[in-house]
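First up is the structure itself, then whatever we jot down about it.
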Amino acid sequence: MTALLIFAILAVLLITGMPVSIALGLTVFTFLFGFTDIPMDSIALKLFTGIEKFEIMAIPFFILAGNFLTHGGVARRMIRFATSMVGHWYGGMGLAAVLSCALFAAISGSSPATVMAVGSILIPAMVRQGYPPQFGVGTVATSGGLGILIPPSIVMVMYAVATSGMVATGPNGEQVLSASIGTLFMAGVIPGLMLATMLGTTTTYRAWKYQYPRMPRAPWSERLKALRESIWGLMLIVIIMGGIYGGIFTPTEAAAVSAVYAFVIAVWVYKDIRLRDVPRVLLASAAMSAMLLYIITNAVMFAFILTSEQIPQTLSAWIVDLGLGKIGFLMVVNLMLLVIGMVMEPSAIVLIMAPILYPVAVKLGVDPVHFGIMLVVNMEIGLCTPPVGLNLYVASSLSKLGLTEVTRASWPWLLTALCFLALVTYIPEISLFLPRALGL
């Protein structure tokens, strides 16, 4: 009954159109003052200890790095390189969009930013080449979701923060620690490449089926020139991943290094951003970071209330008693997250649901890293489903197509992503092979 009351209050506030962060905060204080005797000083203590985590600092740094690269010409150079490599295949420019999204995802960490950076260049270019606008929009809107699956990923950081410090009980009574950011980043590599391949296959098949135009094969001299021009942006992938797994710096330090590196190449190497434009980029990054950190602050209080009322533990025992088993539980979680993903923003969903579902998943024998990647794939699909799919709105604004038309255009790739979700849910090795191979 306590759980129903808390979520009923939250649902009523969300239905009014209130921002998620404020709805979370009001839910906590309404419950505190009206339905429990938890002392306020314990809430204040938990609030400060909950947001002083070193890992949270990675979020503003990754946002800043992504904004420097988005406002600069890094995306344009990556697109030129991708087009030179695969433009002559069936659906070549669509394949270039998928490859560009994968490359940009590896340096930005944000899905809407990936759609904006790649779509603003490739959607008009595809239309000029003779592709239907719907083809370009569907390809970019769904491939942009790779931005939160291929590391570095802000949503993975959110999952690590939401479950940080939680020690859940496994199926045999053993204590299971939460997943680290570095392990989650490495676990996202194979799923990210696998999904990019599946989306590319769908793109090629539809282009072959409808005989969309192909570009002339680029000579190797042009490909090498495009690679040379984009190499400074691509080096950021090596710096982040190589630095983390080479033991040079932590994921949070990698985020700070990536922000400084992105600033240097955008301002002094590529010279796409003037020094007088830097404050504008900093302000935009600060605004986005403040929004996410405010959500985190309220989500920390919300998770504390849930834990204090023993709701995750009670829910865990109840689901285990239902006898759903691991397979049934994962199916229910996927369906629930897909529905919630239609109406809420990914970061908020992860911060609210991860502390609740994580103990249940561990109790049923689900690995924390595998569960985290599954959550991220669900969030990726949620970004491409109406009525609140951010990728759809960005693609709609770029293409001037209505939201309904963009949604209809995205369905072939969205169905591919749903098939991939089933694979990553029930074949844990897709997520766990690389971390285990590296001893993580």
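The residues on offer are Ala254, Ala290, and the sole one that is touching a residue at least 12 places away in the same chain (Cβ under 8 Å) and part of a helix (DSSP H, G or I) is Ala254.
Within the bounds of segment 241-248, is there any residue that is modelled with pLDDT under 90 and on the phi > 0 side of the Ramachandran plot?
We begin by selecting, within segment 241-248, every residue modelled with pLDDT under 90; these are 241-248.
Filter once more, keeping what is on the phi > 0 side of the Ramachandran plot: 247.
Taking every residue of segment 241-248 in turn, at least one turns out to be modelled with pLDDT under 90 and on the phi > 0 side of the Ramachandran plot.
Restricting to segment 117-130, give me the number of residues that are buried (at least 23 other Cβ atoms within 10 Å of the Cβ) and at pLDDT 85 or above. Within segment 117-130, residues that are buried (at least 23 other Cβ atoms within 10 Å of the Cβ) and at pLDDT 85 or above number 5.
Would you point out which residue out of Ser431, Ser396 is part of a helix (DSSP H, G or I), in contact with a His (Cβ under 6 Å, 6 or more places away or on another chain) and among the hydroxyl-bearing types (Ser, Thr, Tyr)? Walk me through it before giving the result.
Numbers: Ser396 fails: in contact with a His (Cβ under 6 Å, 6 or more places away or on another chain).
Unique residue meeting the criteria: Ser431.
Return the residue satisfying two criteria in turn: it lies in segment 58-112 and is outside any helix (DSSP H, G or I) and over 16 Å from the mean Cα position of the chain (by Cα), and of such residues it is farthest from Met198 (Cα to Cα). Steps first, answer last, please.
Within segment 58-112, the subset outside any helix (DSSP H, G or I) is 72-73, 87-91, 109-110.
If we keep only those that are over 16 Å from the mean Cα position of the chain (by Cα) too, we end up with 72-73, 87-91.
On the way: Gly72: 29, Gly73: 28, Gly87: 17, His88: 19, Trp89: 15, Tyr90: 15, Gly91: 14 Å.
Result: Gly72.
Confirm whether Leu383 is in contact with a Leu (Cβ under 7 Å, 6 or more places away or on another chain), closer than 20 Å to Met156 by Cα, modelled with pLDDT under 90 and not polar (S, T, N, Q). Yes; evaluated as a whole, the condition is true for this residue. Does segment 205-226 hold any residues that are part of a helix (DSSP H, G or I) and closer than 19 Å to Arg128 by Cα, and which are they? Hits for segment 205-226 are Arg206, Ala207, Trp208, Tyr210.
Annotation for segment 68-79: at least one member residue is surrounded by fewer than 24 Cβ atoms within 10 Å (Cβ to Cβ), at pLDDT 85 or above and not acidic (Asp, Glu).
The values are calculated or read from the model by the stated rules, or taken from the named source; none is laboratory data. Keep in mind the model is a prediction, meaning the values are calculated, not measured. Cβ atoms come from the backbone with ideal geometry, glycine included; neighbour counts cover every protein chain shown.
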